[in-house]
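*Asks:* My questions all concern the structure below.
Since every read-out is calculated from the coordinates, none of them should be taken as a lab result. Note that this is a predicted model, so its numbers are computed, not measured. Note that we place each Cβ from the backbone using ideal geometry, even for glycine, and neighbour counts take in every protein chain shown.
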Amino acid sequence: MEKKDLAIIGAGIAGIASGIYARRAGLTFELFEKKTVGGQLGFVGALDNYIGIVPGATGFELVSSLNETLKKMDIPPRHEDVKKIAPGTGKITVHTEAGEYIFGAVIIASGATWRTLGVAGEAEFLGKGVSYCAVCDGFFFKNKDVCVIGGGNTAVEEALYLSRLCNKVYLIHRRDRLRALDYLQKELTETKNIEVCLESELTQIKGDAFVEEVTARKKDGTVFRFSVNGVFIAIGMEPATGFFRDVVACDEHGFIISDEEMSTSQKGIFSCGDCRRRPLRQLITAAGEGAVAAMSAYRYLKGNYISS
Ligand code: NAP
């Protein structure tokens, strides 16, 4: 089997940045992506904090331009699900559902997925009123009443997005304050059809064929109900690190621990983007980390890695 220099696992912003830098460095490599190029980006409404694009561009537009970039740079993503990586002496074997590949180094850029609440009705009504993405599904709730769960930037952005489509939006958050950025909170308080319900936990989602009602409990024990057709859950991310956790050191939440050169605990394996522990989960940091990971892999492969 032909050995290539590098496997990049995940074609989100981080993995694509790695691919671009690996191509420029002249490495032989594969970019594995089990789903679609761009990862979570396809679900983002308006982008206003990524340098070089006009504020307001959609995630979908950026995904189109990423696909174009991959084509121009001759980086065809290999649409295979990586099932296992096995480090050996001087090589790392990558197993996918389609076969086995040998590489000198690996970059894990597998991203993260939405966290679930685990309340009654959440799984049952998924796609029947329960959603994790307002931009994807908001349209189905035009002029209806919905609720959003969470108190971070995503929850507030989702509530604001839905307020422009829906009749009424309840933002239900478990604590006495939101953790979203000030400018988002200001916009929230200025939006008339959003009602913020603090110190409240969602306990049940009910309905017949589709969601009709949610039950929440206040900190003082009061139970209350809302008639809603949509429940948008925005309580953060789970790293898509599954079996990698047996290979590289991760924190208690499963995010991969890697240093400023994106090196993990396993020689020759690097990680970047949302799957790694980091202080700012943004496109801009993912892109930067992807570039660093590729250059660190390059130095490692050439035998002059700066940490060695
Ligand atoms: P996040 O910042 O981790 O916030 C998650 C929210 O969900 C928190 O308010 C948390 O409550 C709540 N939560 C977590 N588990 C819960 C549970 N089991 N039950 C009820 N509530 C629960 O996640 P995020 O908002 O998705 O943001 C992820 C990252 O992306 C962050 O770094 C964020 O800054 C970034 N982001 C940035 C932008 C932007 O800059 N425009 C937009 C979106 C996301 P507590 O507050 O009580 O912990």
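*Asks:* With a ≥ b ≥ c the root eigenvalues of the C-alpha gyration tensor of segment 1-105, is it rounded (a/c under 1.5), prolate (a/b larger than b/c) or oblate?
*Replies:* Here segment 1-105 falls in the prolate category.
*Asks:* If you check each cysteine of the chain for another cysteine whose beta-carbon is under 4.7 Å away, which ones come up empty?
*Replies:* Result for the chain is 147, 166, 197, 250, 272, 275, no neighbouring Cys Cβ within the cutoff.
*Asks:* Continuing with this model, one more query. Only Lys, Arg, Asp and Glu count, each charged at its Cβ (+1, +1, -1, -1), so figure out the dipole size of the chain about its Cα centre, rounded to 20 debye.
*Replies:* 360
*Asks:* Neighbour counts of other C-beta atoms within 10 Å: give me 161, 21 arranged from fewest to most.
*Replies:* Arranged by neighbour count, lowest to highest, 161, 21 become 161, 21.
*Asks:* Keeping to pairs on different chains or 8 or more places apart, tell me how many lysine pairs in segment 80-238 have Cα atoms under 19 Å apart.
*Replies:* Number of lysine pairs found: 14.
*Asks:* Measuring from label point to label point, each 7 Å out along Cα→Cβ, what is the residue 79 to residue 140 span in nm?
*Replies:* Spacing of the two 7 Å Cα→Cβ label points: 2.3 nm.
*Asks:* Further question on the same structure: Which shape class applies to segment 197-277: rounded if a/c is under 1.5, otherwise prolate when a/b exceeds b/c and oblate if not, where a ≥ b ≥ c are the square roots of the Cα gyration tensor eigenvalues?
*Replies:* Cα axes put segment 197-277 in the prolate bin.
*Asks:* Mean Kyte-Doolittle hydropathy of 0.5 or higher plus an axial Cα length of 24 Å or more: which whole DSSP H helices in the chain meet both?
*Replies:* TM-like helix candidates: 283-302.
*Asks:* At a 10 Å Cβ-Cβ cut-off, how would you order 205, 194, fewest neighbours first?
*Replies:* Ranking 205, 194 by Cβ neighbours within 10 Å, fewest first, gives 194, 205.
*Asks:* Given Cα pairs under 8 Å that are at least 6 residues apart, what percent is the relative contact order of segment 162-308?
*Replies:* It comes to 12 percent, rounded to a whole number.
*Asks:* Taking the number of other C-beta atoms within 10 Å as the exposure measure, put 64, 131 in order starting with the fewest.
*Replies:* 64, 131
*Asks:* Additional query: Identify the residues of segment 187-206 with backbone N under 16 Å of a label point that sits 7 angstrom from the Cα of residue 227 along the Cα-to-Cβ direction, or state none.
*Replies:* Residues passing the 16 Å test: 206.
*Asks:* OK, next. Explain nothing, just the number: relative contact order of the chain, from Cα pairs under 8 Å at least 6 residues apart, as a whole percent.
*Replies:* 21
*Asks:* May I pose another question? Once the Cβ-Cβ distance between residue 218 and residue 57 is put in as r, and R0 is 30 Å, what FRET efficiency do you end up with, to the nearest 0.05?
*Replies:* With a Förster radius of 30 Å, E is 0.15.
*Asks:* Using DSSP, restrict attention to beta bridges with both residues in segment 178-308 and report what percent are antiparallel, rounded to the nearest 5.
*Replies:* About 95 percent, rounded to the nearest 5.
*Asks:* Restricting to DSSP H runs of at least four residues, report the calculated mean residue ellipticity at 222 nm for the chain, -39500 (n - 2.57) per run over all residues, nearest 500 deg cm²/dmol.
*Replies:* -7000 deg cm²/dmol
*Asks:* Can you say what percent of the DSSP beta bridges in the chain, counting only those with both residues inside, are antiparallel? Round to 5.
*Replies:* 50
*Asks:* Is the chain best put as rounded, prolate or oblate by its Cα gyration tensor, with a ≥ b ≥ c the root eigenvalues, rounded for a/c under 1.5, and otherwise prolate when a/b is larger than b/c, oblate when not?
*Replies:* Cα axes put the chain in the prolate bin.
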